[in-house]
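Here's the structure, in structure tokens; my notes come after.
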Amino acid sequence: MIDITILKNAERVLRIFLVALLIMSGLYKFMIGFEHFVTWYEPKFSRNAFGIPVLLTNAYLYAHPVIELILAAGLMFNRTRTIALYAYFTFITVLMFGHFSIEEFHEVNGLFDYMFAGLLIYILPQHQSLIKNDK
């Protein structure tokens, strides 16, 4: 049997990694500007296989970095961890659908790793604090 402290530490490492990744990704999109991010993806979605309206995809693209930062904040605290994980699963599923609709299948496959990381965070036991060890 694996020691519970090791499992809790694994959850902590995964959660800190995911928080750092979401913060880095969200801040990067802010630094390059919303317009650059939206103009990069807008032409790809204009010819998507599912006929998703450009207005809807643009709204999502503008909200994307804000969503990433909100998810990171939610994952930092144990009180909001579970709801943030459900929101994260929804976020990753929407990303998968979006990449699938513009036929970026390699991106869809890559997102499974992040979904799996979130699932591990969900099922592993957690410390009472993200920073301090339990006594």
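The values are calculated or read from the model by the stated rules, or taken from the named source; none is laboratory data. Just so it is clear, the structure is predicted and the values come from calculations on it, not from any experiment. With ideal geometry, Cβ positions are generated from the backbone for all residues, glycine too; neighbour counts draw on all protein chains shown.
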Tell me, please, whether a residue that is at pLDDT 90 or above and surrounded by 16 or more Cβ atoms within 10 Å (Cβ to Cβ) can be found in the stretch 28-35.
yes
Any residue at all in the stretch 45-63 that is more than 24 Å from residue 20 (Cα to Cα) and crowded, with 18+ Cβ neighbours inside 10 Å?
yes
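Could you tell me which residue of the stretch 119-135 is farthest from residue 13 (Cα to Cα), considering only residues that are part of a helix (DSSP H, G or I) and in contact (Cβ under 8 Å) with a residue 60 or more places away in the chain?
Restricting to residues being part of a helix (DSSP H, G or I) and in contact (Cβ under 8 Å) with a residue 60 or more places away in the chain, the top hit is 120.
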Would you check if there is a residue in the stretch 112-126 being within 30 Å of residue 2 (Cβ to Cβ) and in contact with a Ser or Thr (Cβ under 9 Å, 6 or more places away or on another chain)?
yes
What are the pairs with Cβ atoms under 9 angstrom where one residue, in the stretch 3-21, is acidic (Asp, Glu) and the other, located anywhere, is outside any helix (DSSP H, G or I)? Sequence gap at least six, or different chains.
11/124; 11/125; 11/126; 11/127
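Which residue out of 46, 25 is closer than 26 Å to residue 105 by Cα, hydroxyl-bearing (Ser, Thr, Tyr) and at pLDDT 90 or above?
25
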A careful count of residues in the stretch 59-84 that are more than 18 Å from residue 28 (Cβ to Cβ) and of a type in the set (Gly, Ala, Ser) gives 3
Does the stretch 66-83 contain any residue that is surrounded by fewer than 16 Cβ atoms within 10 Å (Cβ to Cβ) and in contact with an Asp or Glu (Cβ under 9 Å, 6 or more places away or on another chain)?
no
Go through the stretch 88-107 residue by residue and tally those that are surrounded by 17 or more Cβ atoms within 10 Å (Cβ to Cβ) and more than 18 Å from residue 47 (Cα to Cα).
3
Cβ-Cβ under 8 Å, sequence separation 6+ or interchain: first residue in the stretch 48-75 and in contact (Cβ under 8 Å) with a residue 40 or more places away in the chain, partner assigned to a helix (DSSP H, G or I) and among the charged types (D, E, K, R). Which pairs?
57/42; 65/29; 68/29; 75/15; 75/81
I'd like to check something: does the stretch 127-135 contain any residue that is among the β-branched types (Val, Ile, Thr), modelled with pLDDT under 90 and more than 25 Å from residue 31 (Cβ to Cβ)?
yes
If you go through the stretch 1-27 one residue at a time, how many are more than 18 Å from residue 82 (Cα to Cα), among the β-branched types (Val, Ile, Thr) and surrounded by fewer than 14 Cβ atoms within 10 Å (Cβ to Cβ)?
4
